[in-house]
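Structure first, then comments.
Taken together, the values in this text are just the output of simple stated rules run on the coordinates, not laboratory data. As the structure is a prediction and not an experimental result, all values here were calculated from the model. Neighbour counts run over all protein chains shown; Cβ positions are idealised from the backbone, glycine included.
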Amino acid sequence: MTVLDNVKSLVEKFFTTNGDFWVIRKSRSDLNIEKCNGVAVKDEKVNACELCVALNETIFKVYNKPEYFHTNCKCEYIPTSLVDIVLDFPIEKITRYLFANINKSKMMKTMGYLIQDSDDMYNLILKA
Ligand SMILES: [Zn+2]
């Protein structure tokens, strides 16, 4: 992060309302869920547990970030902007989860959505 990035983050932090800003979780580990191909593993080199590796370099709204820190955890949250982010949102999260899981599927039906609406649902969530 450059000095300019830090200044931008601080400005965003202080001029957004209700603490509504983005933070990125940083571990001392070089690993993250993407580098581990979706299965996080403990990083013995820096003593980061699997969950810290899984959460590493993930962006959250500040009010919705996981408050997980193990003993001697060195992870931290740093204000950030949504630039150069990778959206991990395959259509299967709609077709093979939202409309496959019986409870979620029922919930979707009560809201008026059926599996035939997967593309519309995907686009709505993608836009949000
Ligand atoms: Zn940690």
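What aspartates and glutamates does Lys42 reach when the alpha-carbon gap must be under 19 Å and sequence neighbours fewer than 8 apart in one chain are set aside? Correct list for Lys42: Asp30, Glu34, Glu50, Glu57, Glu67, Glu76. For the pair Val62 and Val39, label points projected 7 Å from Cα toward Cβ lie 3.8 nm apart.
Loop only per DSSP, at most 10 neighbouring Cβ atoms within 10 Å: give me the GluC sites (Glu not before Pro) in the range 45-128, ordered by residue number.
Taking the range 45-128 and a limit of 10 other Cβ atoms within 10 Å, the loop GluC sites (Glu not before Pro) found are Glu67.
Listed here are the pairs Lys74/Lys127; Lys106/Lys127; Lys65/Lys104; Lys61/Lys93; which of them are more than 30 Å apart at the Cα? Beyond 30 Å: Lys74/Lys127. From its DSSP helices (H runs of at least four residues, each -39,500 (n - 2.57)), the chain gives a residue-normalised ellipticity at 222 nm of -8500 deg cm²/dmol. Here the simple spin-label model places points 7 Å from the Cα toward Cβ, and for Lys109 and Asn123 these points are separated by 2.6 nm. Averaging the sequence gap over all C-alpha pairs within less than 8 Å and six or more residues apart, then dividing by the number of residues, gives the chain a relative contact order of 24 percent.
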